[in-house]
Amino acid sequence: MDAVQVRIDDGPWAEATLGVDLGPDAWRPWSMSWRATPGRHELRVRCRTTTGQWQEQGTTTPYPHGVRGIHAVTVHVGGSWLGAGVRRLAGDAAARLSWAARSVAAWRQPTGAAHPR
């Protein structure tokens, strides 16, 4: 993969920063800073292959067949005494989004197929 984009609510797609590429069989880390506002937000992530193909527009989960579409999670950002729990959930959501992008190595790759170099 050569690009990851994140979309918050109905905003524009924003470029994420990619980590080191460890090869076609490794997950690729990425990150993006976000100044969250209080309330409920939907976060979506998509990635692009090195051939320029973006993931399909439908929303799906990575399990059981790898990433087939845009991965989405909903988070709630609040300022109450539950703040620590919300931060933990937001961290979990970021980890899930990151996991979805890192699993792109298996995306559209038939079982037993050689990886293009």
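Data for the structure
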{"item": "Those residues of region 45-70 which are at pLDDT 70 or above, surrounded by 13 or more Cβ atoms within 10 Å (Cβ to Cβ) and part of a loop (DSSP other than H, G, I, E, B), in sequence order", "result": "THR49, GLN55, GLU56, GLY69"}
{"item": "Qualifying residue in region 71-79 (condition: modelled with pLDDT under 65 and either outside any strand (DSSP E or B) or among the hydroxyl-bearing types (Ser, Thr, Tyr) (or both))", "result": "yes"}
{"item": "THR37 vs. criteria closer than 21 Å to ALA90 by Cβ, among the hydroxyl-bearing types (Ser, Thr, Tyr), exposed (fewer than 14 other Cβ atoms within 10 Å of the Cβ) and more than 13 Å from the chain's Cα centre (by Cα)", "result": "yes"}
{"item": "Count of residues meeting criterion [among the small types (Gly, Ala, Ser), under 15 Å from the mean Cα position of the chain (by Cα) and within 18 Å of ILE70 (Cβ to Cβ)] in region 1-30", "result": "3"}
{"item": "Any chance GLU15 is surrounded by 13 or more Cβ atoms within 10 Å (Cβ to Cβ), of a type outside the set (Lys, Arg) and on the phi < 0 side of the Ramachandran plot", "result": "no"}
{"item": "Tally, over region 15-45, of residues that are among the β-branched types (Val, Ile, Thr) and free of Cβ contacts under 8 Å to residues at least 24 places away in the same chain", "result": "2"}
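The values are calculated or read from the model by the stated rules, or taken from the named source; none is laboratory data. Please read all numbers here as calculations on a predicted model, not as lab measurements. Glycine gets a Cβ as well: all are built from the backbone with ideal geometry, and neighbour counts include every protein chain shown.
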